[in-house]
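To keep things clear, I will list the structure first and then write my remarks on it.
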Amino acid sequence: MKIAIIKYNAGNICSVINALKRLGIDPVLTDEADVIRTADRVVFPGQGEASSAMACLREHGLDEVIRSLQQPVLGICIGQQLLCRHSEEGDTDCLGIIPADVKRFAPLRHEDKVPAMGWLPVRWKGDDSEELPSYYFVHSYYVPRCEWTLATTNYIAPYSAALHKDNFWSTQFHPEKSGPQGEALLHKFIREGHL
């Protein structure tokens with residue numbers, strides 16, 4: 001199985017590569033359209049700033065490549081945000097694959113720190129269990145709950161911890177930094193093509 005990781009000017013890609021290697025997967029880090037289009041799974045990770053990330057994607061034609069993908073795609077952190085329609089960060093038009101908008105956290109109390117950083121419990125759609133798995137988050141922008149919300153968490157307000165539309169899946173949190181439960185999620189995506 002060929003796993004492609006989209007190469008662009010976003011940080012944190014090495015930790016995704018290392019997490020996949022721990023699962024026995026040797027991914028290809030690439031910005032080549034043909035390699036991405038022919039992969040069995042595509043991972044679209046990153047940490048960074050929305051407007052410069054989108055500028056890089058457009059400059060290399062990767063925006064159109066990502067929009068054209070038919071296989072399972074996993075966006076992580078800024079990858080989730082860039083799959084959306086628009087971000088308040090830099091007033092940026094994003095890929096528009098998921099018709100939702102990305103908002104900046106607005107602290108309500110002194111203890112509300114931005115960026116949000118740390119472990120938060122996540123409730124997956126359809127899961128009513130008392131004990132919720134926790135995942136690691138680092139971000140200043142978020143996607144409000146919407147029709148494509150697959151999982152929810154709460155920091156300052158409830159928001160989308162994961163999204164799903166068609167063959168596109170995404171997490172605001174970093175599964176590659178979230179211990180065994182994060183690795184299990186990556187393994188499920190690679191094996192089954194969904195979260």
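Taking amide H as placed 1.01 Å from N in the peptide plane, Phe173 has its amide H under 5 Å from the amide H of Cys77, each at least 5 places away in sequence or on another chain. Per residue, the chain reaches -7500 deg cm²/dmol at 222 nm when only DSSP H runs of four or more residues are counted, each adding -39500 (n - 2.57). When only alpha carbons are used to place a centre, the range 57-100 and the range 145-195 end up 16 Å from one another. Each Lys or Arg adds one and each Asp or Glu subtracts one; over the other residues with Cβ under 12 Å from the Cβ of Gln71, this totals +1. Averaged per residue, the range 1-122 has 45 square angstrom of accessible surface, using a 1.4 angstrom probe with ligands and nucleic acids left out.
Peptides 130-138, 82-90, 107-115 ranked from most to least packed, by the mean per-residue count of other Cβ atoms within 10 Å: 82-90, 130-138, 107-115.
Taking only protein heavy atoms and a 1.4 Å probe, the accessible area of the range 1-122 is 50% carbon and sulfur. Note on Cα Rg over 2.2 N^0.38 Å: of the candidates (i) 0.95; (ii) 1.15; (iii) 1.32, the value calculated from this structure sits at (i).
The values are calculated or read from the model by the stated rules, or taken from the named source; none is laboratory data. The model shown is predicted, which means the values in this text are computed figures rather than measured ones. Using ideal geometry, Cβ is built from the backbone for each residue, glycine included, and neighbour counts are taken over all protein chains shown. Only protein heavy atoms, including side chains, enter the accessible area calculation; ligands, DNA and RNA are left aside. Shrake-Rupley method; radii C 1.70, N 1.55, O 1.52, S 1.80 Å.
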